[in-house]
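The values are calculated or read from the model by the stated rules, or taken from the named source; none is laboratory data. Computed from a predicted structure; not experimentally measured. When we count neighbours, we look across all protein chains shown, and the Cβ atoms used for this are built from the backbone with ideal geometry, even at glycine.
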C-alpha cells in the first residue's frame, strides 16, 4: 500500500535515526527543562511507532533493504546493511510499541527524567539495530549498544541492591556476547578461508552463502559458542540467574524492555544467526537444545511457585516462556533430524510458533511487569504475603493483573495461548518422529504449573481478606497514563488472541523463505 | 680512535651505578638523579654508535631523550614537592600510599 | 435462512458482555436488563435455528448436520484450523436447554442479586461472557474452538465462584473461602483441560484437522492408527473428567458452592458441568473405536455416581447436598454413554446391528438424562437460592418448617426432588430408568460385560440414595418444626424469583414426556448402514408405545421404583415424622463411615498433599537449588576472581625500591635466559 512512498525514503535507517535524535535531545534537557523530557521522548518514540506500524502495510519487502558500505580495508568488508522480513517486522513493531508505552507509563518518573528517557531512547536505537541489521559487525555493535543503557538504567534507577544486580547483569551478558563475538569472527573468517581469494565480508548474505562448505567439526564447535551467547540472553537454565536479580532491581520501564524485547534478542540470534550460518552444527546440537528447553520450562515454572516477590515470580515465568521459544526451535531441528522423510513445511511449524511465542510473550510480559511495577511503587512492597484482598480497593489494577496473568498462563482467546499451543504441537510432531511422545508430558506439566502459580498468586494478592499489613488508606488505583498503557496492551493481547493470523501471516512468509537446517 | 668497547664499558658502569642508586637510596632526590644516570648511560651508547656508524640518527635520539629527561625531572620534582608538602619527607620508604 | 446466522448465537452475549463491562453502571439494574435481552436474543435465534434445522433437508434424510466455517489460521504442513458452526440433533438439544435455562436464571438473578448494587455490573458481565462461552461450545464445529470456549467457561466459573472473594458480605473468612474455592476449581479443572489439550495435539497430528466433519468421517478414522485414536479419546475424556467433576477430579465442585447460588445453578448444575458429558457425546464416533475406552468411561461414571451420592447422605449444607447430587447425576450420564458406547463398539466390530441400536439407546439415555437434569437441577438450585435468600443461611439444621412461609418455593422444590428421585412419570424417572436399562443390557455382552453388572448395582444403589438424600433435604428444609433461621426468614421471595421457579418446575415435571413424542429421534446416534458415517438424529423416534411397553415390561424398572419410594419413605420417617433416629445408624456421628463421608473420602487432603508435595515441595527444592547451587556457582566464580585479585594485590608494596628491584631481577633473568638459550642453540 505504501510501497511507492517507501521506495523514495530510507525508512529503515529512520527507525535508527529517530531514537538516536531523541536520545540526544533528551540528554541535553537538564535543569528546568527536564520535566518536558517525557514529551520529547514520547514524540520521538511515537513517530517511530507510527513508522513501524506503516511498515506492516508494505507488500514488497524487497524494498526494505538498505546497504551502505562502512569499512572496506585490509581484506575486511563491513557494511551497514539493514533488512526487514516478517520476523524483523514483528520484533521492530514490538520494540516500538513497548518503548512508546514505557514512556507513557513512566510519565510520573521524577528522578532525573531526562536521563531516564535518554536511556530508553538509546535502548530503542540498539534494539532496532539488532533486529534490522544484516551484517555481523553491525549486529554485534548494536547488541552491545543495548547493554549499556540497560546497565545505567538498573544502576541509576533501580532498587536497593541495584549495583550488585547491574554489575551481575553487565558482566554476565557481556561475557556471553564476547563468546558470541568469537563465534561471529570464526564464521566470518572461516567463510573467507574456505573460498580462497574472497575477502572477509561480515554481511549475513556472504556468510550464509559460504555456510555449505563449513566443516562438520567447525560447525559443531562454533555453534556451541554462538548458542552459549544467545542462551545466556534468552535466558536458559542454568545461565539464567542474572535475570531475576536484574528484574527485581530494575525500574518498571527497564524491566518491561528487558523482558519484553531484550530477551528476544537471544532467540532472534539463534534463528537469524546460528541456524542460518551453521546448519549442520544446529542439527548436531538439537538434542541438547531440547534438553535445555525442557529444563528451562519445568524449572522456570517450579521456581515461580516458590517466589514471594511478585516481580521475581514474573521474572522466572519469563524463563519458562522463553524456554517454550527454544522448544519450538528444537522441535524444528529434531523433526528434520528424526523424521524418515522430513517434510519442509512441517519443519517450519516449530520456528513459526517460536516466533509467535516471542511476540506474544513480549506483549504479555509487558503487562505483567507494568502491574508489578505499579504494585511496587503504589503499595511500597511486592511481597505476596503482605498483600491480599486488593481487588476491592483497586478494581482497575485487579482487572489488568488478571488479564495479564490469564494471558500468561495460556488462556485461549488471549495471545499467550497460541504460542504455547503451536509450540507444543510442533514438539508433539517432532516427538512423534523421535518415537518419544511421552516427552510432551513436560510441556503439559508446565502449563499446569503455570496455572497453579498464577492463580495462587492472584488468590493471595487480589482476593481473600483485605490486607492489614500495609497501609492502604492513601493508595490510589492506576493513574490515567498507566491505565492507558495497560489498556492498549490488553486490547492488543485480546486482538491477537482472537485472530492470531494477524501476526501468523507475517511469520508464515518469513518461515516460507527461511532455510531450515537439514531440509 | 678510542675502541667502542671503552664507551660501552663506561656506559655499563654508569648504568649499574644508576641502578644501584635507584635500588638502595632512600632520598627521592637522589633516586631522581640516579634515573638521570641511567638515561645518560643509554645516551652515551647512542652517541657512540652514531659516531662509529656515521649515522646522525643516534644523536637525534639523544637530543630527544634529553628533552624527555628534562620533562621527567620537572614532573618528578613537582610530585616530590607536593609529597613533601603533605608528608614532610622525601624518604621513599615512607611514601607508600600507592599500594593495595 | 436462520441457520447461516448460527454463529451469532454466542456472539450476541459476547457483545453484551463488552457493553455491560464498559457501561454497566449506567444501565438499568446495573446491566441486568441488557444481559436478559442478550439471553433472550440468543434464545430466540436458537429456537429459529433449531426449528429450521429440524424441518430442513439435512435432518430429514440428509447427512444429519449443517456446518460451515471460515479459516482461522493454517499451520504449515496442511494443518488447517477453522471457525464455524456445526448443527445437529445434539447441538439442538443443548442449545435449547442452555439458552432457556440461562434466560430464566438471568431473570431470577435480578431478584436474587438486588442487594449487590454496583457489583452487579461485574456479575452480569461475567454471566454474559459465560453464556457466550457455553453457546459457543455448543455450536462450534471443531475441537479447537470447543477448547477455546471450554476455557472461557472455566475462566467465568473461576470469576463467578470468586464473586465474593473480596469484601464478602459475611466477612473475611467467607472471602478467604471463596478465593480458595475459586482457585481450586480453576486448577483442578485445568488439570483436565491440559489433558484435553493433549488430545487436541494427537487428533490434529493424526487427522491434520480438528473439524468434526473431517474427524468423524469413517474413511479418515479407518486411515488413522487406532492406538492414536485410543490415546486421543483417553486424553479427551480426561478433559471431561475435569469439567464434569468425575472421579477422581470431582472435589472442586462442592467447594464451588462458595459462589452465588444463581452461579451454582447456571454453571455448576445446568450448563458448564454438562460440557464434559457433551464432549463425550460429541466425540462418540471416536470413542466407539475402542470398547475398552468405553468400559473405562462407564466405570468412572459408576464410581462417581455412588461416591458423590454417599457424601450427600449426611451433609447439612443445602447447596452442598445439591452439588453432590449434581456430581452423582453427571456420573449417571457418563455411565450411560459408556455403556452405550461399549455396546456400539462391540456391535461395530461384530457387525451386529441390534447391538449398535442398543448402543444408540445408551447414548440417547445419557443425553436425555443430561437434558432432564438441566431442568430439575436448575430448579432445585434456584429453589435453594430462594430459601437461602429468605433465611440467610445454608445450614439445613437451622431451617425446617419453611413450607408454610414459602409456599411456591416448597412446592416447586418438591417437584424437583421427585423428579431427581425418579418418582414415576416425573422427568428423572424416564431418563434414569433408561440409563439403568442400558447399563444392564451392556452387561450381557463382551468379555468385560460383568463389570457393567457391577456398575448397574452401583447405579441402583445410587438411585436409592438419591431418593433418600433429596427428600432428607426437602423435609429438613420445609417440613418439621420451625428452625432458628426460619423464624427470622423474610417469607416468600419476589416474583422475579418465583416465576422462573414455576416455569422450571413445569419442565422438571414434563420434560421426560418429550421422549414419548420423538425426542429420542433427535438425540440418537447411529452409523449409516452404507457409508458408515455417524448420523446424530434419525428424524424418527420410537414413540410412546415403544417406551411404555419396554419400561413397564422390565422387572428392574419396578425395582428402582420401589427403591426410590423406599428412600423417600425412610427420609420421611427420619426427618419428618422423627420416628427413626438417624443417629442410630452412625453412632451419633461417631462411626468411621460417617467421618469418612464428612471428610469427603479424604479427597481434599489428597489434593492438598499432592499440591504441597509435588507443587510447593519441589518448588522449594528448585528455589533452594537455584539460590545456592546455580547462583552460588555464579557468585562463586566472580568471588574467586575477586579473591585471587585480593591476594595478588599485596605484591604492590608501594615501595618504589621494591618495584625497581623486581624489574631489574626480571631483566637480568631474561638476559641470562637468552644467553643460555643462545649458548645451547650453538649460536655465536
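Inside segment C:220-229, can you point out the residues that are out of contact with any helix residue (DSSP H, G or I) (no Cβ under 6 Å at 6 or more places or on another chain) and either buried (at least 19 other Cβ atoms within 10 Å of the Cβ) or in contact (Cβ under 8 Å) with a residue 24 or more places away in the chain (or both)?
C:221, C:226, listed by residue number.
Only one of these conditions is not met by residue C:171: (1) in contact with a helix residue (DSSP H, G or I) (Cβ under 6 Å, 6 or more places away or on another chain); (2) more than 7 Å from chain A (Cβ to nearest Cβ). Which number is it?
(1)
Restricting segment C:148-168 to residues that are without any contact (Cβ under 8 Å) to a residue 60 or more places away in the chain, assigned to a helix (DSSP H, G or I) and facing another protein chain (nearest Cβ under 7 Å), which is farthest from residue C:392 (Cα to Cα)?
Result: C:148.
Can you tell me how many residues within segment A:399-410 are touching a helix residue (DSSP H, G or I) at 6+ places or on another chain (Cβ under 6 Å) and surrounded by fewer than 22 Cβ atoms within 10 Å (Cβ to Cβ)? Spell out the reasoning first.
The initial filter retains those residues of segment A:399-410 that are touching a helix residue (DSSP H, G or I) at 6+ places or on another chain (Cβ under 6 Å), namely A:400-401, A:403-405, A:407-410.
Those still in the list that are surrounded by fewer than 22 Cβ atoms within 10 Å (Cβ to Cβ) too: none.
Total meeting the criteria: 0.
Only residues that are closer than 16 Å to residue A:302 by Cα and exposed (fewer than 15 other Cβ atoms within 10 Å of the Cβ): list them for segment C:599-616, please.
Of segment C:599-616, the ones closer than 16 Å to residue A:302 by Cα are C:610-616.
Hits for segment C:599-616 are C:610, C:612, C:613, C:614.
Among the listed residues A:380, A:392, A:419, identify the single one that is at the interface with chain C (Cβ under 8 Å from one of its Cβ atoms), touching a residue at least 24 places away in the same chain (Cβ under 8 Å) and either surrounded by fewer than 19 Cβ atoms within 10 Å (Cβ to Cβ) or within 29 Å of residue C:133 (Cβ to Cβ) (or both).
Details: A:380 fails: at the interface with chain C (Cβ under 8 Å from one of its Cβ atoms); A:419 fails: at the interface with chain C (Cβ under 8 Å from one of its Cβ atoms).
A:392 is the lone residue from the list that is at the interface with chain C (Cβ under 8 Å from one of its Cβ atoms), touching a residue at least 24 places away in the same chain (Cβ under 8 Å) and either surrounded by fewer than 19 Cβ atoms within 10 Å (Cβ to Cβ) or within 29 Å of residue C:133 (Cβ to Cβ) (or both).
Just name the residue that is nearest to residue C:3 (Cα to Cα) out of those in segment C:105-145 that are more than 10 Å from chain A (Cβ to nearest Cβ) and in contact with a strand residue (DSSP E or B) (Cβ under 8 Å, 6 or more places away or on another chain).
This residue is C:139.
For segment C:193-226, give me each residue that is within 12 Å of chain A (Cβ to nearest Cβ) and over 20 Å from residue A:444 (Cα atoms). If you could, list the steps in order and put the result at the bottom.
We begin by selecting, within segment C:193-226, every residue within 12 Å of chain A (Cβ to nearest Cβ); these are C:193-206, C:208, C:210, C:225.
Those that are within 12 Å of chain A (Cβ to nearest Cβ) and over 20 Å from residue A:444 (Cα atoms): C:208, C:225.
Check every one of the helices (runs of 4 or more DSSP H) wholly within segment C:567-684 and list those with 2 or more residues that are free of Cβ contacts under 8 Å to residues at least 60 places away in the same chain and away from every other protein chain (no Cβ under 12 Å).
The qualifying helices (runs of 4 or more DSSP H) are C:592-598, C:603-610, C:631-648, C:656-681.
Within segment A:452-470, how many residues are in a loop (DSSP other than H, G, I, E, B) and in contact with a helix residue (DSSP H, G or I) (Cβ under 9 Å, 6 or more places away or on another chain)?
Initially, segment A:452-470 is screened for residues in a loop (DSSP other than H, G, I, E, B), giving A:462-470.
With the extra rule that they be in contact with a helix residue (DSSP H, G or I) (Cβ under 9 Å, 6 or more places away or on another chain), the set shrinks to A:462-467, A:469-470.
Matching residues across segment A:452-470 total 8.
Is it true that residue B:95 is buried (at least 16 other Cβ atoms within 10 Å of the Cβ) and either under 11 Å from the mean Cα position of the chain (by Cα) or at pLDDT 90 or above (or both)?
Values: buried (at least 16 other Cβ atoms within 10 Å of the Cβ): yes; either under 11 Å from the mean Cα position of the chain (by Cα) or at pLDDT 90 or above (or both): no.
Answer is no for this residue.
Take segment A:489-519 and flag every residue that is more than 14 Å from chain C (Cβ to nearest Cβ) and surrounded by fewer than 16 Cβ atoms within 10 Å (Cβ to Cβ).
Answer for segment A:489-519, where residues must be more than 14 Å from chain C (Cβ to nearest Cβ) and surrounded by fewer than 16 Cβ atoms within 10 Å (Cβ to Cβ): just A:515.
If I ask for residues that are more than 9 Å from every other protein chain (Cβ to nearest Cβ) and over 26 Å from the mean Cα position of the chain (by Cα), which ones from segment A:395-416 would you list?
Correct list: A:396 only.
Residue-by-condition table, conditions (1) in contact with a strand residue (DSSP E or B) (Cβ under 8 Å, 6 or more places away or on another chain); (2) part of a helix (DSSP H, G or I):
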{"position": "C:42", "(1), (2)": "no, yes"}
{"position": "C:60", "(1), (2)": "no, no"}
{"position": "C:67", "(1), (2)": "yes, no"}
{"position": "C:71", "(1), (2)": "yes, no"}
{"position": "C:74", "(1), (2)": "yes, no"}
{"position": "C:82", "(1), (2)": "yes, no"}
{"position": "C:85", "(1), (2)": "yes, no"}
{"position": "C:94", "(1), (2)": "no, yes"}
{"position": "C:97", "(1), (2)": "no, yes"}
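Quick one: in segment A:425-448, of everything that is within 7 Å of another protein chain (Cβ to nearest Cβ) and in contact (Cβ under 8 Å) with a residue 40 or more places away in the chain, which residue is nearest to residue A:404 (Cα to Cα)? Even if it seems obvious, please write down each step before you answer.
To start, the set of residues in segment A:425-448 that are within 7 Å of another protein chain (Cβ to nearest Cβ) comprises A:425, A:428-429, A:432, A:440, A:444, A:447-448.
Narrowing the set further to residues that are in contact (Cβ under 8 Å) with a residue 40 or more places away in the chain leaves A:425, A:429.
Details: A:425: 23, A:429: 29 Å.
Per the stated criteria, the residue is A:425.
For the subset of segment A:149-169 comprising residues that are closer than 17 Å to residue C:638 by Cα and free of Cβ contacts under 8 Å to residues at least 60 places away in the same chain, which member is nearest to the other protein chains (Cβ to nearest Cβ)?
Per the criteria, the residue is A:167.
So residue A:312 fits all but one of (1) over 21 Å from residue A:150 (Cα atoms); (2) within 14 Å of chain C (Cβ to nearest Cβ); (3) touching a residue at least 40 places away in the same chain (Cβ under 8 Å); what number is the exception?
Result: residue A:312 passes all but (1).
Could you check residue A:300 against (1) touching a residue at least 12 places away in the same chain (Cβ under 8 Å); (2) away from every other protein chain (no Cβ under 12 Å); (3) closer than 20 Å to residue A:227 by Cα and say which number it fails?
In the conditions (1) touching a residue at least 12 places away in the same chain (Cβ under 8 Å); (2) away from every other protein chain (no Cβ under 12 Å); (3) closer than 20 Å to residue A:227 by Cα, residue A:300 misses (2) alone.
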